[in-house]
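Notes for the one structure printed next.
Nothing in this text is a laboratory measurement; each read-out follows from the coordinates by a stated rule. Just so it is clear, the structure is predicted and the values come from calculations on it, not from any experiment. As a convention, Cβ positions derive from the backbone with ideal geometry for all residues, glycine included, and neighbour counts pool all protein chains shown.
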Amino acid sequence: MKHEARIRTLAARYEACLTTEAEERELRSLLSDEQTLPRDVQALAVMLGGLESLSEEQLPRRITRPTRKAHTPWWQWGVAVAALIAIALLVDHFSTPYCYINGEAIYDPEVALANTDCLAQLEHLDQSFELLDALLITNN
């Protein structure tokens with residue numbers, strides 16, 4: 001190996017990150033010119049060769065595919081509108097009281113029918129109507 005001293009000097013500087021671009025080119029050229037290299041320098045030559053081939057690689061050309069516009073079918077809009085109307089009707093149905101008993105809003109018809117407190121008031125009303133009927137009959 002005729003340039004062994006120069007290769008070892010440049011290799012030491014390269015491993016210490018002290019080389020300039022010109023020195024790196026010189027090191028690559030010396031390593032490629034030599035036929036037989038010591039084992040420790042061979043590893044550096046392989047690494048530099050690999051880095052050189054990596055630097056020549058390029059990304060593949062970007063493939064552009066035609067994009068399809070986002071289009072929502074009409075039936076999906078119809079389903080969405082129907083769902084909103086159903087929700088609005090259900091909310092209105094459950095927010096409207098079935099009746100009022102003693103000033104309290106009752107939403108469930110079964111609860112309203114089970115509550116018999118309001119029927120006591122109807123008895124007094126019925127007695128009032130009977131009295132009124134009796135007065136009307138006697139006045140005729």
| field | Computed over the chain: relative contact order in percent, which uses C-alpha pairs under 8 Å that are six or more apart | value | 11
| Degrees between helix 39-56 axis and first principal axis of the chain (Cα, 0 to 90, nearest 10) | 50
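Which value does Rg/Rh take for the chain over its C-alpha atoms, Rh per Kirkwood?
Numbers: Rg = 49.3 Å, Rh = 25.9 Å.
With Rg and the Kirkwood Rh in hand, the quotient comes to 1.91.
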| query | So how far apart, in nm, are the two label points at GLN58 and ASN102 if each is 7 Å from Cα heading toward Cβ? | reply | 9.0
| request: Scan around ILE106 for amide H atoms under 5 Å from its own, H built in the peptide plane at 1.01 Å from N, and keep only partners 5 or more places away or cross-chain. | output: TYR98, CYS99, TYR100, ILE101
| query | What distance in nm separates the simple spin-label points at ALA5 and ILE85, each placed 7 Å from Cα in the Cβ direction? | reply | 9.8
| Distance between modelled label sites at LEU131 and LEU113, nm, 7 Å Cα→Cβ extension | 3.3
| Rg(Cα) of the range 4-55 divided by 2.2 N^0.38 Å? | 1.02
